[in-house]
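Data first, discussion second: the structure below is written as structure tokens.
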Amino acid sequence: MAKSKISTLRILDANLNRCREGLRVVEDCLRYFLNDKALYKKIRSVRHDTDKILRDKYSELIKVRDSVSDGGRNISETQSKKLSAIVISNFKRAQESLRVLEEYSKTVFPGASPLFKRQRYSVYNLEKSVYKKYKKIF
């Protein structure tokens, strides 16, 4: 496999993980802190739908994963955050990851690109819904 394809697959794998993780953090806040069943189910649905886009490519993605020597593993994180900052940063994490997935999938899985774009706009809309409903905490 060509180095450029391996690199692209690593980017897709990392960003799929990042997106799912970000959405899960928001989902758990809506579920456990805010007890908002309707919104948490919408976030969960977007997370599951995003995962399905490249689920049939899982074996290709996992083969190129190199989490042991990934230079990003040692980046320090902020120690404490308010609940609102956690939700906001994880919405942004998911949106940015979806944009990366949209762009890089064009080179190896072009049919996935418009699906990631649709997911990105779904996350933008959900972020707005959460903000409008809970603007007092934001």
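The values are calculated or read from the model by the stated rules, or taken from the named source; none is laboratory data. Keep in mind the model is a prediction, meaning the values are calculated, not measured. All Cβ positions, even for glycine, are placed from backbone atoms using ideal geometry, and neighbour counts span all protein chains on display.
Would you check if Arg10 is farther than 18 Å from Glu127 by Cβ, of a type outside the set (Gly, Ala, Ser) and loosely packed, with under 14 Cβ neighbours inside 10 Å?
Considered against the rule, which asks whether it is farther than 18 Å from Glu127 by Cβ, of a type outside the set (Gly, Ala, Ser) and loosely packed, with under 14 Cβ neighbours inside 10 Å, Arg10 comes out as no.
State which residue is modelled with the lowest pLDDT when the search covers only segment 1-30 and only residues that are small (Gly, Ala, Ser) and touching a Ser or Thr at 6+ places or on another chain (Cβ under 9 Å). Lay out the reasoning, then the answer.
Residues of segment 1-30 that are small (Gly, Ala, Ser), as a first pass: 2, 4, 7, 14, 22.
Now restrict to residues that are touching a Ser or Thr at 6+ places or on another chain (Cβ under 9 Å): 4, 14, 22.
Numbers: Ser4: 91, Ala14: 96, Gly22: 98.
For segment 1-30, the residue satisfying everything is Ser4.
Pairing residues of segment 27-52 that are in contact (Cβ under 8 Å) with a residue 40 or more places away in the chain and crowded, with 18+ Cβ neighbours inside 10 Å with residues that are part of a helix (DSSP H, G or I) and among the basic types (Lys, Arg), at Cβ distances under 7 Å and at least 6 apart in sequence or on separate chains, gives Thr50/Arg20.
Residues of segment 119-128 that are without any contact (Cβ under 8 Å) to a residue 60 or more places away in the chain and surrounded by 15 or more Cβ atoms within 10 Å (Cβ to Cβ): Arg120, Glu127.
Restricting Phe109, Phe91 to those that are closer than 30 Å to Lys132 by Cα and touching a residue at least 24 places away in the same chain (Cβ under 8 Å) reduces the list to Phe91. Selection over segment 101-112 of residues that are out of contact with any Pro (no Cβ under 9 Å at 6 or more places or on another chain) and either surrounded by 18 or more Cβ atoms within 10 Å (Cβ to Cβ) or at pLDDT below 95 (or both) gives a count of 5. The helices (runs of 4 or more DSSP H) found entirely in segment 28-138 that carry 3 or more residues being under 15 Å from the mean Cα position of the chain (by Cα) are 37-53, 83-108, 113-133.
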